[in-house]
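Beneath this line is the structure, given in structure tokens, with notes to follow.
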Amino acid sequence: MFIEQPPLLYRLLFPEAMWRLKRHRRRVVYLTFDDGPIPEVTPWVLDLLDREEVKATFFLVGQNVERHPELFEEIKRRGHSWGNHTMTHLQGIKVAMSRYIDDIERADNLIHSSLFRPPHGVMRWSQGRAIKRRYNIVMQDVVSRDYSRRLSGEEVFNNICRYTRDGSIIVFHDSLKARENMMYALPRAIRWLKEQGYEMLPIPM
């Protein structure tokens with residue numbers, strides 16, 4: 001549960017971040033996708049979201065946007081929101097503040113979004129304080145763990161069913177590592193969420 005649903009103590013380290021967005025009078029969740037865009041996975045996700053009439057939020061790695069600008073344009077054209085996921089998928093806890101901020105700003109030159117999510121959902125407290133001056137930090141309420149080689153697609157889907165609640169920000173990945181589990185779990189998760197009465201919306205930019 002520590003991974004799938006970050007504990008309260010960790011959430012309290014970053015009180016300025018979005019972990020869960022509750023709305024009154026209707027049940028809403030927020031599907032998000034990290035690490036793209038890549039041609040092997042992102043178009044499949046976009047087509048599925050179109051068929052299901054669902055909007056989501058994509059947290060983009062700057063290097064991938066640089067390599068595949070047409071996919072970035074397609075995300076925007078199809079009405080999704082998007083955010084900064086650093087230029088090189090850099091983990092803040094492993095590098096100095098100056099290097100981390102530089103990596104984020106390099107990505108911003110390509111992505112141009114007020115939303116930011118740290119890779120792996122981790123960063124130093126001081127980095128969070130600096131980042132929040134310019135960006136809205138989006139963390140997560142439910143991590144599907146679609147990237148895990150220890151989990152099956154069915155187990156990934158079960159994570160969504162077990163931990164999702166009203167206002168959940170749910171993390172999937174449009175990456176090669178997550179592709180098999182994500183392609184199994186995502187269509188089933190969307191159908192299940194609809195059956196539970198949830199609307200799926202993009203995070204406002």
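Look at Arg149 and say whether it is surrounded by fewer than 17 Cβ atoms within 10 Å (Cβ to Cβ), closer than 22 Å to Ile3 by Cβ and either in contact with a Cys (Cβ under 6 Å, 6 or more places away or on another chain) or not small (Gly, Ala, Ser) (or both).
On the way: surrounded by fewer than 17 Cβ atoms within 10 Å (Cβ to Cβ): yes; closer than 22 Å to Ile3 by Cβ: yes; either in contact with a Cys (Cβ under 6 Å, 6 or more places away or on another chain) or not small (Gly, Ala, Ser) (or both): yes.
Considered against the rule, which asks whether it is surrounded by fewer than 17 Cβ atoms within 10 Å (Cβ to Cβ), closer than 22 Å to Ile3 by Cβ and either in contact with a Cys (Cβ under 6 Å, 6 or more places away or on another chain) or not small (Gly, Ala, Ser) (or both), Arg149 comes out as yes.
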Fill in: region 62-102, residues that are among the aliphatic types (A, V, I, L, M), open to solvent by 10 Å² or more (accessible area, probe 1.4 Å) and either touching a strand residue (DSSP E or B) at 6+ places or on another chain (Cβ under 8 Å) or assigned to a helix (DSSP H, G or I) (or both)
Leu71, Ile93, Met97, Ile101
Discussion item. Of everything in region 23-58, what is within 19 Å of Trp192 (Cα to Cα), assigned to a loop (DSSP other than H, G, I, E, B) and touching a residue at least 12 places away in the same chain (Cβ under 8 Å)? Give them in sequence order.
Written reply: Arg26, Arg27, Val54, Lys55, Ala56
Item to complete: Those residues that are touching a residue at least 24 places away in the same chain (Cβ under 8 Å) and among the hydroxyl-bearing types (Ser, Thr, Tyr), I need them from region 59-101; list them, please.
Response: Ser81, Thr86, Thr88, Tyr100
Worksheet item: So which residues in region 164-197 are aromatic (Phe, Trp, Tyr) and open to solvent by 20 Å² or more (accessible area, probe 1.4 Å), if there are any at all?
Response: Tyr184, Trp192
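Filter region 6-45 down to the residues that are in contact with a Lys or Arg (Cβ under 6 Å, 6 or more places away or on another chain) and under 18 Å from Ile203 (Cα atoms), then identify the one that is least open to solvent (accessible area, probe 1.4 Å). Outline the logic, then answer.
Narrowing region 6-45 to residues in contact with a Lys or Arg (Cβ under 6 Å, 6 or more places away or on another chain): 16, 19, 41.
Okay, now just the ones that are also under 18 Å from Ile203 (Cα atoms), so 16, 19.
Working: Glu16: 59, Trp19: 20 Å².
Filtering region 6-45 for residues that are in contact with a Lys or Arg (Cβ under 6 Å, 6 or more places away or on another chain) and under 18 Å from Ile203 (Cα atoms), the one least open to solvent (accessible area, probe 1.4 Å) comes out as Trp19.
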Discussion item. Of everything in region 152-163, what is surrounded by fewer than 20 Cβ atoms within 10 Å (Cβ to Cβ) and in contact (Cβ under 8 Å) with a residue 60 or more places away in the chain? Give them in sequence order.
Written reply: Arg162, Tyr163
Worksheet entry | Breaking point among (1) within 27 Å of Phe14 (Cβ to Cβ); (2) in a helix (DSSP H, G or I); (3) in contact (Cβ under 8 Å) with a residue 60 or more places away in the chain, for Ser175 | (2)
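Determine whether Arg106 is farther than 25 Å from Met182 by Cβ, among the charged types (D, E, K, R) and assigned to a helix (DSSP H, G or I). Outline the logic, then answer.
On the way: farther than 25 Å from Met182 by Cβ: yes; among the charged types (D, E, K, R): yes; assigned to a helix (DSSP H, G or I): yes.
In short, yes.
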Worksheet item: Of all residues in region 114-138 being open to solvent by 10 Å² or more (accessible area, probe 1.4 Å) and of a type in the set (Gly, Ala, Ser), which is nearest to Leu60 (Cα to Cα)?
Response: Ser114
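The values are calculated or read from the model by the stated rules, or taken from the named source; none is laboratory data. Computed from a predicted model, the values in this text were never measured in an experiment. Using ideal geometry, Cβ is built from the backbone for each residue, glycine included, and neighbour counts are taken over all protein chains shown. Please note that ligands, DNA and RNA were not included when accessible areas were found on the heavy atoms of the full protein model with its side chains. Shrake-Rupley method; radii C 1.70, N 1.55, O 1.52, S 1.80 Å.
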